[in-house]
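These notes concern the structure reproduced below.
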Amino acid sequence: MRKKYTFDDWWNGDVTLIYASTVSQIGEEITRVDWSDFIDSDVVRIKAKQQEIFEKKVQDLMNRYVNEFKRRYKASKTKKRLLHIHRRICKQIMFTTAPPQDVVFFPHWTQGFEYAYLTDIQQWVSESYVNGQPMELGFIHSPLSKFEDDKLPDSRVYASFVWEYANWLNNWLKSETNDSLNIQRIDEEKLWFKVGLLFANGKMDVLFEEHKVGDKNAPNCTEVAKQLGNPKSLRPYISESYANTNIGDKNIFSQQKKIDAIIAYCNKHNITIVESFHQRINKAPKTLKIKK
């Protein structure tokens, strides 16, 4: 009866599956085997270990490229363009018909690809990710095998990395967009933003007109704040912005970032900004003067 090999035989590198690419020194013999040469229960163990090794190889590439991208993204002066370039290159690597030349290069990528290697990448993406064929990982070596060519990641490992990296970039874009929206949403919930928007759209002028008191027709800012539903918190922003003072820190018109945020919001939502809003900007305290 023919000997059946075990998980340990594969793990120790004593045997190599016929699906794995190999390199060897002159005179070295490689014992090549198929799945049928193993004990059935050990086939399951080997495949599980190959899945684990495969995922680690892909993740190692991900870690390297993601960390490098984050470093470049942080330093880039054109962040959106950098992100667009990397997303485009991933798509080109996976799907663009490559010219039949010795080495294919993609601008801004860290390596060139031999033509055969690139077409293998594209075949794996097509079969495994586009067409949904099950991934056969028999090509994965044991870490103890001395016959694995580790100078270059296997094309199938690299293909899965590019697929995962492209998805990561897409999620990064969504994350960046959501972060910006969340920041804007937080700003819009702040008291200064609510008050500033009322100044910008002219509703604050109406409230001031309704709550004039005294000979100088100055508004009762406490009553205005009461009408807005939060007299204790809103009144300082209303009164200091109305007086355009630099005594406290609640004058919206003395802070450029706040003015910019309100104007940007109005432009985005097609809200007409009244002239009195711009006049208040021009009359901001000289020590904190804001350009219109």
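Checking each residue in segment 243-287 for being β-branched (Val, Ile, Thr), surrounded by fewer than 18 Cβ atoms within 10 Å (Cβ to Cβ) and within 20 Å of residue 207 (Cβ to Cβ) picks out 245, 271, 272, 273, 274. Once segment 209-242 is narrowed to residues that are at pLDDT 85 or above and small (Gly, Ala, Ser), the residue that is surrounded by the most Cβ atoms within 10 Å (Cβ to Cβ) is 241. When every residue of segment 127-146 is checked against the conditions, none turns out to be surrounded by 18 or more Cβ atoms within 10 Å (Cβ to Cβ), without any contact (Cβ under 8 Å) to a residue 24 or more places away in the chain and under 26 Å from the mean Cα position of the chain (by Cα). For segment 50-91, a residue qualifies if it is buried (at least 17 other Cβ atoms within 10 Å of the Cβ) and polar (S, T, N, Q), and exactly one does: 50. Of all the numbered requirements in (1) modelled with pLDDT of 90 or more; (2) within 16 Å of residue 152 (Cα to Cα), residue 92 misses one, and that requirement is (2).
Does any residue of segment 109-117 turn out to be in the same structural domain as residue 24 (by TED's automatic domain parsing), more than 25 Å from residue 53 (Cα to Cα) and out of contact with any strand residue (DSSP E or B) (no Cβ under 9 Å at 6 or more places or on another chain)? Scanning segment 109-117, I find at least one residue that is in the same structural domain as residue 24 (by TED's automatic domain parsing), more than 25 Å from residue 53 (Cα to Cα) and out of contact with any strand residue (DSSP E or B) (no Cβ under 9 Å at 6 or more places or on another chain), so the answer is yes. Checked across segment 7-15, the condition of being among the polar types (S, T, N, Q), within 26 Å of residue 152 (Cα to Cα) and either at pLDDT 95 or above or not assigned by TED's automatic domain parsing to the domain that holds residue 145 (or both) holds for at least one residue. Can we say residue 127 is in the same structural domain as residue 169 (by TED's automatic domain parsing), among the charged types (D, E, K, R), under 19 Å from residue 167 (Cβ atoms) and at pLDDT 95 or above? For residue 127, the condition - in the same structural domain as residue 169 (by TED's automatic domain parsing), among the charged types (D, E, K, R), under 19 Å from residue 167 (Cβ atoms) and at pLDDT 95 or above - is met.
Close contacts from segment 147-170, counting a first residue that is closer than 27 Å to residue 83 by Cβ and assigned by TED's automatic domain parsing to the domain that holds residue 89 and a second that is in a helix (DSSP H, G or I) and acidic (Asp, Glu), with Cβ to Cβ under 7 Å and a gap of 6+ residues or different chains, come to 155/120.
Look at segment 219-240: where a residue is without any contact (Cβ under 8 Å) to a residue 40 or more places away in the chain and assigned to a helix (DSSP H, G or I), no partner that is surrounded by fewer than 20 Cβ atoms within 10 Å (Cβ to Cβ) and among the aromatic types (Phe, Trp, Tyr) sits 6+ places away or on another chain with Cβ atoms under 6 Å.
Listed here are the residues, each with its yes/no results for (1) modelled with pLDDT of 80 or more; (2) in contact with a Lys or Arg (Cβ under 8 Å, 6 or more places away or on another chain); (3) surrounded by 13 or more Cβ atoms within 10 Å (Cβ to Cβ).
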residue: 164; (1), (2), (3): yes, no, yes
residue: 174; (1), (2), (3): no, no, no
residue: 184; (1), (2), (3): no, no, yes
residue: 201; (1), (2), (3): yes, no, yes
residue: 205; (1), (2), (3): yes, no, yes
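Only one entry in 13, 27 is of a type in the set (Gly, Ala, Ser), loosely packed, with under 12 Cβ neighbours inside 10 Å and outside any helix (DSSP H, G or I), namely 27.
When segment 1-41 is filtered for residues that are in contact with a strand residue (DSSP E or B) (Cβ under 9 Å, 6 or more places away or on another chain) and of a type in the set (Asp, Glu), the ones remaining, listed by number, are 9, 14, 34, 37. Of the residues making up segment 228-271, those that are aliphatic (A, V, I, L, M) and within 13 Å of residue 194 (Cα to Cα) number 8.
Condition check for residue 56 on (1) closer than 19 Å to residue 112 by Cβ; (2) of a type in the set (D, E, K, R); (3) without any contact (Cβ under 8 Å) to a residue 60 or more places away in the chain: one failure, at (1).
The values are calculated or read from the model by the stated rules, or taken from the named source; none is laboratory data. All of these numbers come straight from a predicted model, not from anything done at the bench. When we count neighbours, we look across all protein chains shown, and the Cβ atoms used for this are built from the backbone with ideal geometry, even at glycine.
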